Amino acid sequence: AALIGPLAEELGGIAITCDVTHMVALQGALAELKAQAGPVHTLLWNVGPGVWGNIDEIGIDDMEFAWRTNALGLFVALQEVLSDMRIAGEGNVLVTGATASRRGMPFTTAFAAGKAAQRSLCQSLARQLWPEGIHGARVGIDGRIDLPTTRADRPDKPDEVFVSPAAVAQTALHLCRQDRTAWSFELEIRPHLERW
């Protein structure tokens, strides 16, 4: 929340924060956004922090948190903005996902389950919404995003092992600008040094 205000000011945008695990708060934040900015054309769902641990280390709350942030929150957000896109006859729903959606590991038990639910929801949405002119797409990120916290975990690693946030944004913008005759549903991005 501390980062969003200055960023919105720099970009000339609006900063509204909420806890996406609380559906009423999410609905309220989206209603406030629409009141301040008008109809929503593009929804970027870049939510889904990691809960790490195997089945013996995580609890029910961890599993529910992963599902709420990755799938239920996206579902509720889309219900709130979809009418705007339908009235316009166009729009974008762009979701950032992770490789864990297709490749669960012991330490990603909750995270992988949440991301898999999110990916399946994205497929359902895209198949329903594309014929309406609404582009649903997913960007799977395979790697660590270049943030101060990830740098602190790996201070000895070079720049090119981290995923550049600016490069992710360029990929997202490319998807939003694709011609309707050549839409992509799913892209995976990773640093060239990432093993896969």
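The values are calculated or read from the model by the stated rules, or taken from the named source; none is laboratory data. Since the model is a prediction, treat every value here as computed from it, not as a measurement. Counting neighbours? That spans all protein chains shown, and the Cβs are built from the backbone with ideal geometry, glycine included.
Scanning the stretch 143-152 for residues that are farther than 16 Å from Pro49 by Cα and either charged (D, E, K, R) or in a strand (DSSP E or B) (or both) yields one hit, Arg151. The residue pairs whose first member lies in the stretch 160-174 and is closer than 17 Å to Ala98 by Cα and assigned by TED's automatic domain parsing to the domain that holds Ser184, whose second member is among the charged types (D, E, K, R) and modelled with pLDDT under 95, and whose beta carbons are closer than 6 Å, counting only pairs six or more residues apart or on different chains, are Phe162/Arg144; Phe162/Asp146; Ser164/Asp146.
For the stretch 58-100, name all the residues that are under 17 Å from the mean Cα position of the chain (by Cα) and of a type in the set (Ser, Thr, Tyr). Scanning the stretch 58-100 gives Thr69, Thr96, Thr99.
Just a yes or no: is a residue in the stretch 153-166 within 16 Å of the chain's Cα centre (by Cα) and either exposed (fewer than 14 other Cβ atoms within 10 Å of the Cβ) or in a helix (DSSP H, G or I) (or both)? Yes, that holds for at least one residue.
If you go through the stretch 95-152 and keep only what is surrounded by fewer than 18 Cβ atoms within 10 Å (Cβ to Cβ), hydrophobic (A, V, I, L, M, F, W, C) and closer than 16 Å to Met63 by Cα, you end up with Met105, Phe107. For the stretch 125-142, the criterion of a residue being part of a helix (DSSP H, G or I) and within 15 Å of Asn70 (Cα to Cα) is satisfied by at least one position.
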